[in-house]
1. Give the residue, chosen from LEU5, LEU38, LEU22, LEU9, that is more than 11 Å from the chain's Cα centre (by Cα) and of a type outside the set (D, E, K, R).
2. Do you know which residues across the range 44-68 are over 11 Å from the mean Cα position of the chain (by Cα), modelled with pLDDT under 95 and farther than 17 Å from ALA3 by Cβ?
Amino acid sequence: MDAALAALLARPAMAAGVAIALSSEQEHAVRQAVRQRLTVITGGPGTGKTAIVVSILRVLRRLGEPVD
């Protein structure tokens with residue numbers, strides 16, 4: 001999992017041609033979500049919930065988990 005997350009951080013997702021860098025709190029949320037069976041992600045508008053979900057899916061895909 002650490003290698004998959006490191007690869008994700010080295011190549012961040014792009015939105016409208018801009019790299020989406022995760023904050024340390026978002027990175028922590030991704031780590032916890034990948035380790036747990038159930039995770040709840042909350043926050044107001046613009047707090048990065050979508051970036052967290054996209055990152056979780058990218059890590060899971062790197063780990064070979066089905067994300068359909």
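1. Matching residue, one of LEU5, LEU38, LEU22, LEU9: LEU38.
2. GLY46, THR47, PRO66, VAL67, ASP68 - these are the residues of the range 44-68 that are over 11 Å from the mean Cα position of the chain (by Cα), modelled with pLDDT under 95 and farther than 17 Å from ALA3 by Cβ.
The values are calculated or read from the model by the stated rules, or taken from the named source; none is laboratory data. Because the structure is predicted, anything quoted here is derived from the model rather than measured. Ideal geometry is used to build each Cβ from the backbone, glycine not excepted, and the neighbour counts take in all protein chains shown.
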